[in-house]
């Protein structure tokens, strides 16, 4: 019996046929924003990597600072609950709640949604502040990834300039521990790029304009990943 909303019983990727033509949300994105068409293949690759991650019960980690921190939280929010899909619990899981807790269990089961495991590394203020006070705040994200991450997981570091020291540190930790690194950035080609397996570099240099692209990109990614597992 599955405990909680893990990925062990997610539907298999639909016939594993999410090829270039079927990623409808990424396709729609590049049609709306043709200036992003140069990265369409990279976005498809990233969507496939995340889909494969969830097929193998992995975790997507997210890290950033300021507005980019908020973007990481936003991505986690779209994955941990229904985004464009309702994601109801399967009948068997609902019945487990009813069998264990009767009417209250039925109510809870009717409201819960299947989740895709995502962890914002800013979501633990006690640890972050303790590590900043006791050790080195620049390494707080790296410490969490080292403790929580496992080989095969993915971390998305969001840095509009690409030079955030804590993102550099978390990527270095990821590299040592077999975790895939993804940089969501702008066109300034900062130091973090050399540690990234996939670089999503939007064609802007000003922070708020970069972030406007970022939100459109991660919405499309989240929608296509969700599409791979959920029908309703």
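The values are calculated or read from the model by the stated rules, or taken from the named source; none is laboratory data. These numbers were taken from a predicted model, which means no experiment stands behind them. We place every Cβ from the backbone using ideal geometry, glycine too, and count neighbours over all the protein chains shown.
Of everything in region 180-218, what is farther than 26 Å from residue 25 by Cα and in contact with a helix residue (DSSP H, G or I) (Cβ under 7 Å, 6 or more places away or on another chain)? Give them in sequence order.
Matches in region 180-218: 191, 192, 195.
Looking at the structure I just gave you, is residue 130 free of Cβ contacts under 8 Å to residues at least 12 places away in the same chain and over 23 Å from residue 56 (Cβ atoms)?
yes
Could you check, for region 66-78, whether at least one of its residues is modelled with pLDDT of 95 or more and part of a loop (DSSP other than H, G, I, E, B)?
yes
Taking region 56-75 only, how many residues are more than 12 Å from the chain's Cα centre (by Cα), surrounded by fewer than 22 Cβ atoms within 10 Å (Cβ to Cβ) and under 21 Å from residue 209 (Cβ atoms)?
Count: 5.
Within region 133-165, work out how many residues are touching a strand residue (DSSP E or B) at 6+ places or on another chain (Cβ under 7 Å) and either in contact (Cβ under 8 Å) with a residue 60 or more places away in the chain or farther than 21 Å from residue 191 by Cα (or both).
12
When residue 5 is evaluated against the numbered criteria (1) surrounded by 13 or more Cβ atoms within 10 Å (Cβ to Cβ); (2) at pLDDT 95 or above; (3) within 20 Å of residue 229 (Cα to Cα), which criterion, by number, is the only one it fails?
Among (1) surrounded by 13 or more Cβ atoms within 10 Å (Cβ to Cβ); (2) at pLDDT 95 or above; (3) within 20 Å of residue 229 (Cα to Cα), residue 5 violates only (2).
Cβ-Cβ distance below 9 Å, separation of 6 or more or different chains: which pairs start in region 108-122 with a residue that is without any contact (Cβ under 8 Å) to a residue 40 or more places away in the chain and end on one that is outside any helix (DSSP H, G or I)?
From residues that are without any contact (Cβ under 8 Å) to a residue 40 or more places away in the chain, the pairs are 109/88; 109/89; 110/88; 110/89.
Would you confirm whether any residue within region 88-97 is at pLDDT 95 or above, part of a loop (DSSP other than H, G, I, E, B) and touching a helix residue (DSSP H, G or I) at 6+ places or on another chain (Cβ under 6 Å)?
yes
Pairs, please: C-beta under 6 Å, at least 6 apart or cross-chain, first residue without any contact (Cβ under 8 Å) to a residue 12 or more places away in the chain and in region 36-58, second surrounded by fewer than 21 Cβ atoms within 10 Å (Cβ to Cβ) and in a helix (DSSP H, G or I)?
37/30
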